Amino acid sequence: MGNEVAMQKKSTDFFVYPSNLNTLDLASMVGMYRSRGEPRKAPTGEYFGCAKTGKLVKEAKYWFGRYYSQTAWNKLLTKDSSGYPLTMVEFNLMGMTIYPPDNNNHRSYIESLAGFIPQLTFLIVNDLRQFGFIQEFDGGMVAITDNGRRAVDGFANRVFDKKFSLEMLSAYRGEFARPKIAEAEKKDPLQTRLF
């Protein structure tokens, strides 16, 4: 009961992926992901409606079919995120590199616990690495960097109004099932070998 109260979000002032993003085909999802944050100009005689302020604007930043004025976009950015638009997905991925579930900090295992679309999770981890928030070693092990730690702390402070802790991570709250390691099936001794 204490964790539910302690981990209650205090703010919703952060970026969120659309809840039905998984209904799109892969090419559309990747295209929208790659174009997030792009500045857009409304066609002549038209305007965008800012998703945060509700005001009409001629220029805006794009986020999965929504538009944000530059001022609104800046307010959604997390302190110490280097301008990278963080969501709960990035927060959980980076947080799991600090506290690896089951002491397993292999990239594929952490990605599997993200609770998000696997193909986009893969791209997100690549971007987190490229932006210097996490590092990946030979063999696929991942770890947080100093910049990543500051971004995680900034996001935790913004969303939970608390210092980052293990209980903030979805994987530790049991929201996503741990993947099971597949066991090889035992061969039937009577099975005929075809090749």
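Worth pointing out:
- Using a probe of 1.4 Å on the protein chains alone, the accessible area found for residue 88 is around 30 Å².
- In Å², nearest 10: area of residue 26 left accessible to a 1.4 Å probe: 80
- Segment 109-121 - phi-based ³J(HN,Hα) in whole Hz, Karplus 6.51/-1.76/1.60, Gly and Pro as x: 5, 5, 4, 5, 9, 5, x, 9, 4, x, 5, 6, 4
- Full extension of the segment from residue 24 to residue 47, taken as 0.36 nm per residue of separation minus the current Cα-Cα distance, would add 5.7 nm.
- Pairs with C-alpha atoms separated by more than 31 Å, drawn from the list 10/55; 61/162; 9/58; 41/163; 10/41, are 9/58; 41/163; 10/41.
- Shown are 89, 159, whose ranking by accessible area with a 1.4 Å probe and every protein chain present, most to least, is 89, 159.
- By a 1.4 Å probe calculation restricted to protein chains, residue 23 has an accessible surface near 100 Å², given to the nearest 10.
- Other residues within the sphere of radius under 13 Å centred on the Cβ of residue 120, judged by their own Cβ, net out at -2 (K and R +1, D and E -1).
- Within-9-Å neighbourhood charge of residue 157 [Cβ basis; K, R +1; D, E -1]: +2
- Point-to-point label distance, residue 147-residue 35, nm (Cα→Cβ direction, 7 Å offset): 2.7
- Net charge over other residues, Cβ less than 11 angstrom from the Cβ of residue 110 (K, R count +1; D, E count -1): -2
- In segment 62-124, a dipole from Cβ-located charges (positive for Lys and Arg, negative for Asp and Glu) runs towards its positive end, and of 109, 76, 96 it is 76 whose Cα lies farthest in that direction.
- Under the convention that each Lys and Arg Cβ holds +1 and each Asp and Glu Cβ holds -1, the size of the dipole of the chain around its Cα centre is about 560 debye.
The values are calculated or read from the model by the stated rules, or taken from the named source; none is laboratory data. Since the model is a prediction, treat every value here as computed from it, not as a measurement. Here Cβ is always computed from backbone atoms with ideal geometry, including for glycine, and neighbour counts include all displayed protein chains. Accessible surface areas use protein heavy atoms only, side chains included; no ligands, DNA or RNA. Shrake-Rupley method; radii C 1.70, N 1.55, O 1.52, S 1.80 Å.
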